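The values are calculated or read from the model by the stated rules, or taken from the named source; none is laboratory data. Please read these numbers as outputs of a predicted model, since none were measured by experiment. Because the Cβ atoms are built from the backbone with ideal geometry, glycine has one as well, and the counts that use them run over all protein chains shown.
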Amino acid sequence: MKKVFLLLSVFALVFASCSSNNDDDASIDPIVGTWKYHKYFENGVEQTVTDCEKEETLIFNSDGTFEYIYFDEDMDGNCLLDESISSTWSNDGDGFYTQYIENDVATKEIIFENNTFYFEDFYDNETPDDTSDDMTFKDVFIKQ
């Protein structure tokens, strides 16, 4: 009888621990974490991303703050920190997120797939009769 009680107690403890962790994980926004630039597409065609471009980093904190770190190559091909911006973000629901960067506000739909997220932008040349240089961009980030 003691063995059965001990076994049931262990299962109850494990079950309670698992359900508590799952609840905690579910309450964490999927965007929270450190994300590195992974790849991008122009009009559905994957483009080459340099190792320096892959250093671009987004850090989303659970308190609604984030940091954007951007690198660029100099004339000698050295990858250097170009800028680092700290600001805030919010989850607007239904996959839409808003970033408040300095005096700009940007809202994007972010799609999460496994350990990546992406968002798309559309560039319209604003010439109704000529859409030849209209472009769709898709930026993909991978969680670190």
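Quick notes on this one:
- Taking region 48-64 as the range and being over 18 Å from Phe117 (Cβ atoms) and either among the β-branched types (Val, Ile, Thr) or assigned to a strand (DSSP E or B) (or both) as the test, the residues that pass are Thr48, Thr50.
- Residues in region 52-87 that are among the charged types (D, E, K, R) and either surrounded by 17 or more Cβ atoms within 10 Å (Cβ to Cβ) or within 14 Å of Phe141 (Cα to Cα) (or both): Glu53, Lys54, Glu55, Glu56.
- Checking each residue in region 107-136 for being under 14 Å from Asn91 (Cα atoms) and in a strand (DSSP E or B) picks out Thr107, Lys108, Glu109, Ile111, Phe112.
- Failed item in (1) out of contact with any Lys or Arg (no Cβ under 6 Å at 6 or more places or on another chain); (2) surrounded by 12 or more Cβ atoms within 10 Å (Cβ to Cβ); (3) of a type in the set (Val, Ile, Thr), with Val105 passing the rest: (2)
- Single condition Asp29 does not satisfy, out of (1) surrounded by fewer than 15 Cβ atoms within 10 Å (Cβ to Cβ); (2) assigned to a strand (DSSP E or B): (2)
- Hey, Ser9 surrounded by fewer than 10 Cβ atoms within 10 Å (Cβ to Cβ), at pLDDT below 95 and either within 29 Å of Asp124 (Cα to Cα) or of a type outside the set (A, V, I, L, M) (or both) or not: no
- For the condition within 21 Å of Lys143 (Cβ to Cβ) and exposed (fewer than 13 other Cβ atoms within 10 Å of the Cβ), Glu113 qualifies.
- Taking region 58-80 as the range and being closer than 20 Å to Gln99 by Cβ and free of Cβ contacts under 8 Å to residues at least 24 places away in the same chain as the test, the residues that pass are Asp63, Glu67, Ile69, Tyr70, Phe71.
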